[in-house]
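Working notes for the structure below.
The values are calculated or read from the model by the stated rules, or taken from the named source; none is laboratory data. Keep in mind it's a predicted model, so treat the numbers as computed, not measured. Every residue, glycine among them, receives a Cβ derived from its backbone with ideal geometry; neighbour counts consider all protein chains shown.
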Amino acid sequence: MKPILEVQNMTMDFGGLRAIDSVDLSIEKGQIVALIGPNGAGKTTFFNCITGIYTPTSGDIYIYPRGKEERLNGLKPNIVTKKGLARTFQNIRLFTSMTVLENVMIGCHAITKAGIMGAIFRGAATKAEERLIVKKSYGILEKIGLEKYVDELAINLPYGAQRRLEIARALATDPFLLLLDEPAAGMNPQETMELDELILKIRNREGISILLIEHDMKLVMSLSEKIYVVDYGKKIAEGTPEEIRNNPVVIKAYLGEEIDE
């Protein structure tokens, strides 16, 4: 099967520091894939290269959203988003003084057609598009389970709900691939369980592939079909959860002696 994302021999240098060192990664349609490794291993840098925040020093990033090859290297983040990649961040980045609905609407605006003139003069087409955005945004909140907070300011949401709102905003851009940077960070066990269910729902019901960075090994092992492990910017292993669990190189570098069940 042709991958929907293929990273080939990607390297990222910052001056004399090599943060990513010749890493390959691929994701197939409908897969949930995890990228794990110790703090400072280069995981978020890897995300930043894929999503256009950084331009890799070398290597290639290809997507195949409709079977047609497209190269992402050097594209700006907003263009990468329009091509179907959406992400969340390790640190929550909501518009806290805006409502929950408005936060999701901002995600929709990344793919709207109305330009500056439409926003200024607000013709019939612009107003119709705004109504569709409101309807679409509310529908996403229903899918995520946040509709009861629709008119609340984002800052007033419980922590776990804020994390879910970030995912809702990312979904508003109509991605085929969702990149989640430590989505369970700071969550309690109940919130983590709900996140597990939500990620599966997004994959199963929406057909969206998932690439996640996560330190919660229970979440990683229960969700992922394939896991990539990086250490000091280099890929040291890839495989199924069972293969990674029993890989002595991974155990030594990251997982410790065992994973608690």
Can you tell me which condition residue 151 does not meet? The list is (1) among the charged types (D, E, K, R); (2) within 21 Å of the chain's Cα centre (by Cα); (3) at pLDDT 95 or above, and all the others hold. (2)
Counted residues, segment 10-25 - those being crowded, with 16+ Cβ neighbours inside 10 Å, among the charged types (D, E, K, R) and within 23 Å of the chain's Cα centre (by Cα): 1
Could you please let me know if residue 233 is under 22 Å from residue 24 (Cβ atoms), among the small types (Gly, Ala, Ser) and not assigned by TED's automatic domain parsing to the domain that holds residue 166? yes
Does residue 73 satisfy being loosely packed, with under 14 Cβ neighbours inside 10 Å and among the polar types (S, T, N, Q)? no
Which of the helices (runs of 4 or more DSSP H) found entirely inside segment 116-206 contain at least 3 residues meeting this: under 19 Å from residue 91 (Cβ atoms) and touching a residue at least 40 places away in the same chain (Cβ under 8 Å)? 159-171
Any chance you could count how many residues in segment 223-237 are assigned to a strand (DSSP E or B) and either without any contact (Cβ under 8 Å) to a residue 60 or more places away in the chain or over 27 Å from residue 201 (Cα atoms) (or both)? 6
Reported set for segment 26-73 where residues are in a strand (DSSP E or B), within 16 Å of the chain's Cα centre (by Cα) and not hydrophobic (A, V, I, L, M, F, W, C) is 26
Touching a residue at least 24 places away in the same chain (Cβ under 8 Å), of a type in the set (Phe, Trp, Tyr), in contact with a helix residue (DSSP H, G or I) (Cβ under 7 Å, 6 or more places away or on another chain) and assigned by TED's automatic domain parsing to the domain that holds residue 235: does that describe residue 54? yes
Please find, within segment 193-224, the residue that is farthest from residue 243 (Cα to Cα) out of those that are crowded, with 19+ Cβ neighbours inside 10 Å and of a type in the set (Ser, Thr, Tyr). 209
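This table checks each residue for (1) under 25 Å from residue 78 (Cα atoms); (2) assigned by TED's automatic domain parsing to the domain that holds residue 70.
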residue: 149; (1), (2): no, no
residue: 185; (1), (2): no, yes
residue: 191; (1), (2): no, yes
residue: 196; (1), (2): no, yes
residue: 203; (1), (2): yes, yes
residue: 206; (1), (2): yes, yes
residue: 210; (1), (2): yes, yes
